[in-house]
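Some notes on the structure that comes next.
The values are calculated or read from the model by the stated rules, or taken from the named source; none is laboratory data. Just so we're clear, the structure is a prediction, and the values are computed from it rather than from any experiment. Note that we place each Cβ from the backbone using ideal geometry, even for glycine, and neighbour counts take in every protein chain shown. Areas reflect the complete protein model, heavy atoms only, side chains present, ligands, DNA and RNA absent. Shrake-Rupley method; radii C 1.70, N 1.55, O 1.52, S 1.80 Å.
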Amino acid sequence: MTGPYPIRFARATMLDIAYEEHGEPGGDAIILLHGFPYDPRCYDEVWPLLVAQGHRVIVPYLRGYGPTRFLSSETMRSGQQAALALDLVDLMDALSIEKAALAGYDWGGRAACIVAALWPQRARCLVTGDGYNIQNIPASVNPASPETEHRYWYQYYFHSARGVRGLTENRDALARLLWKLWSPTWAFTEDAFALSAASFQNPDFVDIVIHSYRHRYGYAPGDPVLQPVEDRLAEQPPISVPTISLCGADDGVGPPDEEDGHQFSGPFERRILAGVGHNIPQEAPRATAQALLELLGKG
């Protein structure tokens, strides 16, 4: 279940968070966050470019992935956005990182966006996959266009008991299909997929994925401990830290729209990456690293 690099652990409030670390311990910190259904392998060609510039790079396994584990069997296996964000804050606290550059996409991008919005003093800058990733749960009852709803088929599948069983029994096949649909121009190898798929064998993976896709539509209650954060997120807080949004031109689940950056109150730039799908760092590692280095004044 572990990757090709040594695994370290940080004891957080709810979790023993597994992470990989690269570079000098005294370097300025950068935290790279993966999405669903991916894992830290998506950054294997990104972090060396950052380490070469003297940075300390932390790549955690999100809750429900790889060796990350809950401290208590009694803790709710929540996949809601507030949980992901507080895990990130907890990780930074456990590693005595007061402030870091944050980068992420999909679930990881959501965690990074939330921390940048609610605790901007903890984020030097932000590289986000596909813009503002904070869910607007109160508005989730409003239907999207039929084309968008069609791309979200897997989310509705997870709302059913059939979907729970399907994810449980066919997690690799389902994840492989999503990789293909979401990155139609990315010729990933079976070996590359297998390296990430090992992380989906986490005992909490299914519960957290199912809860995530039900909670965001109001079909499952959240963890009461996290409600104060969810209340703040319902207000759709702006992001003030310097930000670059990377969007895959060929993204099969979240293609670039006409986003104008109005939810970013600080310096903001949007870049559309030709020939790139949803898994931005693994498909475009140099563009991902370059965005971070530019924000950090080293590009």
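Side notes on the structure shown:
- Furthest towards positive pole of dipole, P281, C247, G266, structure part segment 233-286, Cβ charges: P281
- Ranked by how many other beta carbons lie within 10 Å on average, peptides 36-43, 102-109 from highest: 102-109, 36-43
- Segments 111-120, 181-190 sorted - mean Cβ within 10 Å per residue, highest first: 111-120, 181-190
- Diffusion of segment 231-299 by Stokes-Einstein, at 25 °C in a medium of 0.890 mPa s and with Rh set to the Kirkwood radius over alpha-carbon pairs, works out to 186 µm²/s.
- Relative protection proxy for 263-269, 60-66, from highest mean packing down: 60-66, 263-269 (other beta-carbon atoms within 10 angstrom).
- Segment 46-184 shape via C-alpha gyration tensor axes, a/c threshold 1.5: prolate
- Prolate/oblate/rounded call for segment 42-108, Cα gyration tensor, a/c under 1.5 rounded: prolate
- Overall form of segment 216-264 per C-alpha gyration tensor (a/c, 1.5; a/b vs b/c): oblate
- Proportion of all alpha-carbon pairs of segment 67-142 beyond 21 Å (%): 30 percent
- Against the criterion of solvent-accessible heavy-atom surface with a 1.4 angstrom probe, D251, D28 sort, most first, into D28, D251.
- Karplus-derived 3J(HN,Hα), 6.51/-1.76/1.60, for each residue of segment 273-282, Hz, glycine and proline x: 9, 5, x, 10, x, 7, 8, 4, x, 7
- Segment 193-217 and segment 11-67 have Cα centres lying 18 Å from one another.
- Length released on extending from F188 to W119, taking residue separation times 0.36 nm less the Cα-Cα span: 21.2 nm
- Under Karplus coefficients 6.51, -1.76 and 1.60, residue-wise ³J(HN,Hα) of segment 214-223 in Hz, glycine/proline x: 8, 5, 5, 9, x, 9, 8, x, x, 6
- Hydrodynamic radius of the chain by the Kirkwood approach over all distinct alpha-carbon pairs: 19.0 Å.
- Label point at D231 placed 7 Å out along Cα→Cβ; residues across segment 72-88 whose backbone nitrogen lies under 17 Å: 82-83
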